[in-house]
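Where a number appears in this text, it was derived from the coordinates with a stated rule and is not lab data. Remember, it's a predicted structure, so these values are computed and weren't measured experimentally. A quick note on method: Cβ atoms are made from the backbone with ideal geometry, for glycine too, and the neighbour counts reach across all protein chains shown.
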Amino acid sequence: MSADILHFINGQSRPSADGSTFGTSEPATGRPLATVALGGAADVDAAVSAAAAAGERDDWRRLPPAERARLLRNLADIVRGEAESIAVTEARDSGHPIEDARADVAICAEILEYYSTLPENIRGTTYAEQPGFLTTSRREPYGVVAAIAPWNFPFFFAVTKTGPALATGNTVVLKMAEQTPLTAVMFGELCHRAGFPPGVVNIVNGDAKTGAALVAHPGISKITFTGSTEVGTAIQRAGVNCHLELGGKTANIVTAHADLETAARASVHQAFFNAGQVCTAGSRLLLAEEIADEFLEMFLRATEDVVVGDPLNSATQMGSLVSHEHRDSVERAIATAVAEGASIAIGGRRLAQQPEGAFLEPTVLDGVTPAMAAAQQEIFGPVVSVLRYRDLDEAVRIANGTAYGLAATVWSTRLDEAIELTDRLEAGIVWTNAPFRDHAHVPYEGHKASGRGEEGGLETIREFTKLKVNYLAHRAQPSPWGTP
Ligand code: NAD
């Protein structure tokens, strides 16, 4: 079957060199959505070659920083203009509720505007003067950046994997996840419309094999990857400079001094937003014993109120999971938890009224203990594991007792308690009394198995550029060995 969604290479849409394709479907209905070109080694090579050539051409290499900034602002405006079609495509391809998809696209435009401030902030240093020398450093782009993204926020990751690399003067080959390729291809075309020269942004569609071919390509100088710790760790072994944003198992700690009602409602959002398919989802609910029963009742009541259904309905708060295969894997994780001794306090079933869709009810597992798989492994679905703790020492022990260190949330109205927990938690982000804050100008970094390198803020410049030092002698310096 010929593809209706093609690769975007060197400013043009192209089928795969060998004609291979794969299908993408609408997870909420199970119906096929599009046939997509499946990238192989030849397509990856064409994209990397186009990116390398574009990086050498003066229309990109010598583009003044203010011009790069202007292109990024153009792109932000074009994204705003196409917001509705991007959001609808995203909702259909990923199962995202439409209102969340609209909000994501609006955030993406703001993020691109933030990236447009980076080109003119790339700075070097002048070092303490040595007689006869001027010693300086500058930051240079790596060259061709391989950007590999997951499926949970497709358009957002197309923007955030690509934007910083472009702001800092690199060229990019982006590979989105095979489950959700559609909005990334739109993104490539929007970059072209914004005025990015051909070959600066290239999109190759495909699966793990396509990603592996990209990682292995000798023309790649830098990899920026968001996805699972397992794949990120494998990529790291490839020996190329890597920026990795990986998995998480966020502890959401509710202390005895929390504002319980507010915490319960916000924790339900943190657990079930995007059907829990969020790296920082509050997937472990750690409750102080004194308030555990009272809080859990509030949490379960708020969970009952979550509106699950058709992603294209504006009232929907939780859509379908990204695919039927992923829904099955989440169900297996629930079954394992029950076999290990946890109980289902609410949820755990498919949606009777949408039997064709990859839906699963918001699910709360009670009686989870720290050693269980449900407390250790990412389930990446609408499943929360409830654990109880006796004192702050135990809360910290449980919270830090996984391989991950991405994020943590603390609910407490007591400053001393909140500060102590923030000090002791092993996490790249700690949210106190307000989960899910995230701003483009504020960097973050996963600790432990959750990543390597900073994303966001001016720190992005360091991540996507390499240092070059120049010792400039005022005149030719004679050899210390003298002249025989
Ligand atoms: P994944 O690791 O399975 O896949 C991510 C991407 O890597 C996809 O494009 C996939 O095709 C590609 N890939 C797979 N195998 C590859 C290989 N061997 N070589 C090169 N590329 C390969 O992750 P996923 O299931 O798409 O996404 C969910 C994961 O992403 C979760 O673990 C989640 O926590 C993580 N995530 C992390 C963050 C963060 O900011 N830390 C954000 C979002 C998602």
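Among the DSSP beta bridges whose two residues both lie in the chain, what percent are antiparallel, rounded to the nearest 5? All intermediate terms of the calculation are to be shown ahead of the outcome.
Values: 28 of 67 bridges.
About 40 percent, rounded to the nearest 5.
Pairwise alpha-carbon distances in segment 31-111 exceed 19 Å for 61% of all pairs. Among the chymotrypsin sites (Phe, Trp or Tyr not before Pro) found in segment 444-484, those both in a DSSP coil and sparsely packed, with 16 or fewer other Cβ atoms within 10 Å of their Cβ, are Trp481. As a calculated quantity, the FRET efficiency between Glu129 and Ile419 at R0 = 51 Å, using C-beta atoms, amounts to about 0.70.
Hey, which of these cross-link pairs are over 22 Å Cα-Cα: Lys222/Lys468; Lys175/Lys209; Lys448/Lys468? Intermediate values should be presented prior to the final figure.
Details: Lys222/Lys468 16 Å; Lys175/Lys209 11 Å; Lys448/Lys468 29 Å.
Distance filter (> 22 Å) returns Lys448/Lys468.
The calculated pair-distance distribution of the chain uses every alpha carbon pair, bins of 10 angstrom beginning at 0, and gives 4, 19, 28, 24, 15, 7, 2, 1, 0, 0 percent.
Annotation: extensible slack from Ser2 through Glu110 equals 35.2 nm (criterion: 0.36 nm per residue apart, minus Cα-Cα distance).
Residues of segment 66-94 with backbone nitrogen within less than 15 Å of a virtual label 7 Å along the Cα-to-Cβ line of Glu120, please, listed as ranges. 66-74, by backbone N distance to the label point.
List the trypsin sites (Lys or Arg not before Pro) in segment 383-484 that DSSP assigns to loop (not H, G, I, E or B) and whose Cβ has at most 15 other Cβ atoms within 10 Å. Which are they? Intermediate values should be presented prior to the final figure.
Working: sites: Arg388, Arg390, Arg397, Arg414, Arg424, Arg437, Lys448, Arg452, Arg462, Lys466, Lys468, Arg475; in loops: Arg390, Arg414, Arg437, Arg475.
Answer in residue order: Arg390, Arg414, Arg437, Arg475.
For a modelled paramagnetic label at Ala216, 7 Å from Cα along Cα-to-Cβ, the residues of segment 26-43 in reach, with backbone nitrogen under 17 Å, are 39-43.
Run through segment 173-271 and list the trypsin sites (Lys or Arg not before Pro) located in a DSSP loop whose Cβ has at most 16 other Cβ atoms within 10 Å.
Details: sites: Lys175, Arg193, Lys209, Lys222, Arg237, Lys249, Arg265; in loops: Arg237, Lys249.
Listed in order of number, the matching sites are Arg237.
Across segment 1-62, the relative contact order, built from alpha-carbon pairs under 8 Å that are at least six residues apart, equals 32 percent.
Here the relative contact order of segment 316-440, from alpha carbon pairs under 8 Å that lie six or more residues apart, stands at 18 percent.
Before anything else, pin down the relative contact order of the chain: Cα pairs under 8 Å, at least 6 apart, normalised by residue count, whole percent.
The value is 18 percent.
Relative to one another, the C-alpha centroids of segment 413-452 and segment 41-86 are positioned 33 Å apart.
Exposure proxy ranking for Glu325, Glu140, Glu463, based on other Cβ atoms within 10 angstrom of each Cβ and starting from the fewest, stands as Glu325, Glu140, Glu463. Projected label points at Gln353 and Glu289, each 7 Å from Cα along the beta carbon direction, are separated by 4.2 nanometres.
The slack in the chain from Gln12 to His439, taken as 0.36 nm per residue of separation less the alpha-carbon distance, amounts to 150.4 nm.
First select every other residue whose beta carbon is under 15 angstrom from the beta carbon of Ile122; then total the charges, Lys and Arg +1, Asp and Glu -1. Before the final figure, lay out the partial values.
Working: positive: Arg61, Arg62, Arg68, Arg123, Arg138, Arg139, Arg462, Lys466, Lys468; negative: Glu67, Glu120, Glu140, Glu459, Glu463.
So the surrounding residues net to +4.
When each of Ser479, Ser85, Ser20, Ser412 is scored by the number of other beta-carbon atoms lying within 10 Å, the sequence from fewest to most is Ser479, Ser85, Ser20, Ser412. Its DSSP H runs of at least 4 residues, each contributing -39,500 (n - 2.57), put the calculated 222 nm mean residue ellipticity of the chain at -11500 deg cm²/dmol, to the nearest 500. Among beta bridges from DSSP that stay inside segment 323-446, the antiparallel ones total about 30%. The HN-Hα couplings worked out from phi for segment 259-269 by the Karplus form 6.51 cos²θ - 1.76 cosθ + 1.60 (θ = phi - 60°) are 7, 4, 5, 5, 4, 5, 4, 5, 6, 5, 4 Hz, whole numbers, x standing for Gly and Pro. Legend: ranking of residues Val44, Val442, Val278, Val79 from fewest to most surrounding C-beta atoms inside 10 Å; resulting order Val442, Val278, Val79, Val44. Note on Lys466: aspartates and glutamates with a C-alpha under 14 Å away, same-chain residues under 8 apart excluded, are Glu140. Please work out the FRET efficiency for the pair Ala41 and Glu325, using the Cβ-Cβ distance as r and a Förster radius of 22 Å; give the result to the nearest 0.05. Calculated value: 0.30.
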